[in-house]
1. Quick check on the exposure proxy: order 293, 163 from fewest to most C-beta atoms within 10 angstrom.
2. Determine, for 288, 37, 345, the number of other Cβ atoms within 10 Å of each Cβ, and report the residues in order from fewest to most.
3. List residues of segment 141-155, by number, whose backbone nitrogen lies under 12 Å from a label position 7 Å along Cα→C-beta of residue 37.
4. Determine, for 421, 343, 454, the number of other Cβ atoms within 10 Å of each Cβ, and report the residues in order from fewest to most.
5. Based on the alpha-carbon gyration tensor of segment 51-138, what equivalent-ellipsoid semi-axes (square roots of 5 times the eigenvalues) come out, in whole Å, largest first?
6. In whole Å, what is the distance between the alpha-carbon centres of segment 203-227 and segment 372-425?
């Protein structure tokens, strides 16, 4: 009896110890699980902070590109108005990226714009929750299980830097995607400053100046008509080749297209071009309506030039109407200051009306961002396009051009009653950095700009 009682007592003690071990172990396991959950929450918060910072930095740099003259060449300066625009856009976009369901609530104090190198401004954005960048944002990330250790919240933050790089005069070539199928001679109808380019008819000054050693720069940076080219009315495609800047030289072109047909088309685009065909007119129209992702590079570029005998009036009207959403009802976008967006800007001629430089785009009724009057980013307007500038005069049958720069223009009006003449405004000019002496191979030194922009934007670093 005594032995059995002793054995029962020892068994109860063993079971008690086991329960204690299990209880302590469960506390340890739950603690580790709680710590893991909190660490995971902080890790996710940190990733979301990085996303917010990246988005804000890219948006700030893009805002500089969207506004003419805000990314000049290396000899220019960036105005305070441009800096404010970049900061405001960076704040707006960064705060739309939630961190654990809460806006980072950054301010312009968390955004710096380095303009020390005018042709390469850099936008740095700090985003997070709690205390970072020397300021308490009063929105620290709450913890869950580690509150038992007295840790009620934690700070998470990240930063990112993006640049907008203007290669003009830099020695680096650029390439542009989504260019439209019009190639232009280096003839600026608004430039009468000698020496004049005798390739033009009548002779005019150039868009891009070659100093004789292959260094290319923009001839007239600045606002039109006071000192420069930004805002200059421009005939994008004359109805007749005889009205072009050089004799017969507006040139509709096949953009190099390894993907067979353009991509990223608006809903109004015809599948495969006009009527779904694959002929020259169909491809030409499709290249107007859609984004051809193949890159046109500075330097010698192989293209198939359309005959000047065919003015492509129908495909031009159809393509531009679709692209800028002029039809139905003349619902295209317009630049602030244009009082009659549905009237050809050169018929009859009228003075420059664009106000509030840097320019602002007002969405038309057919734009999905239409809001009555408030301006939108140029990135949200299909009326903003890029086209190449070439050197010299093309000869009959020639299918190579030497690209020396790019125009960024705003397509304002398609005049179907005047042989499909397209009226526009010049927003920016970018000179090729390599003097147009490169090839179209797209080598590792090429800086590629997407979406029709003539100045590339890229994220160059991120981290805490």
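1. 293, 163
2. Details: 288 29, 37 14, 345 21.
Lowest count first: 37, 345, 288.
3. Counting backbone N atoms under 12 Å from the label point, the list is 143-148.
4. 343, 421, 454
5. For segment 51-138, the semi-axes come out at 26, 12, 9 Å.
6. Taking the Cα centre of segment 372-425 as reference, the centre of segment 203-227 is 18 Å away.
Bear in mind that the values in this text are calculations on the coordinates, not laboratory data. In this text the structure is predicted, and so the values were computed from the model without any measurement. Methodologically, a virtual Cβ is constructed for each residue, glycine included, from the backbone with ideal geometry; neighbour enumeration extends over all protein chains shown.
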